[in-house]
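I have placed the structure first, in the form of structure tokens, so that the comments after it can refer back to it.
Rule-based calculations on the coordinates, nothing more; no lab input. None of these values were measured; they are calculated from a predicted model. Cβ atoms come from the backbone with ideal geometry, glycine included; neighbour counts cover every protein chain shown.
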Amino acid sequence: MSRFESLFPQEGATIEAVAERLKPVFRPFDPEVVDFLDALSRDLFKLTRVEPALAPLAFFIRRSNLVALADDASARVPAGAIASPQGAVLHVPPTNVDTLFLYTLAISLLTGNANVVRISKNAGPATHRILDLLIARLREHPSVARAVTIIQFDRDKDLLDTLSRLVDVRMIWGGDATVHAIRESRLSPFGKDLAFPDRVSLAALSVSAWLEADDATKTSVVEGLYNDTFWFDQMACSSPVQLILTGGTDAQSREVESDLARRLAEVADVRYQDVDGQAINKMVDLIRGIDRGLSGIDWVSNSVVTARGAELSDAVSLRPGGGFFTVQHVDDLLAVAAQVTRRVQTLSTFGYGRDELVALAESANGRGIDRIVPIGHALDFAVVWDGMDLVSELLRLTTVDA
């Protein structure tokens, strides 16, 4: 069998050593795990000045959030049932969102599971900075360290086959092809996959709400849209790739689109460093879009490009990243429901009341849209993700009737 690199612990880089560590150490919601994650949260907060994308992660694993999460999960355990860990969890995070592996690891640790995290050899610098902090804290918390193994390898089906047989849950993040490839490695009959395949996300803005908003409100929305879009080069599954403008006249929607794009470009041109080749990628997809019938092209800057006349299907096929938005104008928010599919994950919004958003979710009726959040919160992680309650998925229930 091909060898792998053990990033933590550094000794014992054998599959037998990994197997020995895949036994639950804690009961769910153990205070020592909360202490560990809270200490790691403080470490992450110190990095947010240079890595602002770490702020939601640091916020998520702070003590007060974890305690609230644990209290909520404990309250939902049925009367007469005992919650226990699923057992061992294999985490296969994506390479395009550096922080995701720590979100799922935190939830898995909190629910008492043993963990093996696979880090790709293509992982970026931010991933390794997070790993350095994580490993330093694990060395200070030996009990928690027994529940975490971090290994690095590329494509190795034999190794993946073996790891899959050893675990009770696989958490698979990536494109559809990645999910299909990993599922070729069979789990034990008792195992299950939590798969997070390729998704797209949208941002919806009320034309009338934008036109009526003061400049401070518009600035705040643009700041939020910048964070949602550019923190992960618009490649995160929850980053919006299509703007949906609702209500108003066609002329008003064009005014809103132009104002929003101009303001966003002003922020991006100062803060965002284009990934190599991103402008070329945008140009290629722009040509493809024109061939599909898109019009109203506005190349505001190398960081922000918009193309009108889109349908939701264009959001799926035209998404080069780095600030490329297809745009559509519809009469009202409910018109979105008729277009959505399971491919749509997050809808970030501005200018709607809760009743309108609930009506949209009910109209979609499970066909798509797993999250509806305010613009600026698209990248906030939550225990309910892609329609699944991850805490519940990582627990088993034993009923006691006596």
Taking 0.36 nm per residue of separation between E16 and R165 and subtracting their Cα-Cα distance, the length gained on full extension comes to 52.4 nm
How much mean residue ellipticity at 222 nm does the chain get from its helices, if each DSSP H run of length 4 or more adds -39500 (n - 2.57) and you divide by all residues, to the nearest 500 deg cm²/dmol?
-13000 deg cm²/dmol
Karplus 3J(HN,Hα) series, Hz, for region 299-313 with 6.51 cos²θ - 1.76 cosθ + 1.60 (x for Gly, Pro):
8, 5, 6, 5, 8, 9, 10, 10, 9, 8, x, 8, 10, 4, 4
Distance in Å, no decimals, from the C-alpha centre of region 153-199 to the one of region 313-342 is 30 Å
Grab the other residues whose beta carbon is less than 15 angstrom from that of L159, score K and R as +1, D and E as -1, and report the net.
+1
So what is the relative contact order of region 200-374, in percent, for Cα pairs below 8 Å that sit 6 or more residues apart?
29 percent
Say a paramagnetic label sat at a point 7 Å from the Cα of V77, along Cα to Cβ; which residues of region 14-42 have their backbone N under 17 Å from it?
24-34
If each K or R counts +1 and each D or E counts -1, the residues other than E51 whose Cβ falls under 12 Å of its Cβ total +1
The chain - percent relative contact order, Cα under 8 Å, separation 6 or more:
18 percent
What's the local net charge at G368, with K and R +1, D and E -1, over the other residues with C-beta under 10 Å away?
+3
Could you tell me which of the pairs K121/K157; K157/K192; K121/K282 are separated by over 25 angstrom between their Cα atoms in the structure shown?
K121/K282
Evaluate the relative contact order of region 290-402 (contact order divided by residue number), counting alpha-carbon pairs under 8 angstrom at least 6 apart; express in whole percent.
17 percent
Along the Cα-to-C-beta direction of V270, a point sits 7 Å from the Cα; which residues of region 37-56 have their amide N less than 12 Å from that point?
none
Taking the Cβ-Cβ separation of D250 and T399 as r and a Förster radius of 41 Å, what is the calculated FRET efficiency to the nearest 0.05?
0.10
Between E184 and A361, how many nm apart are label points set 7 Å from Cα along the C-beta direction?
3.9 nm
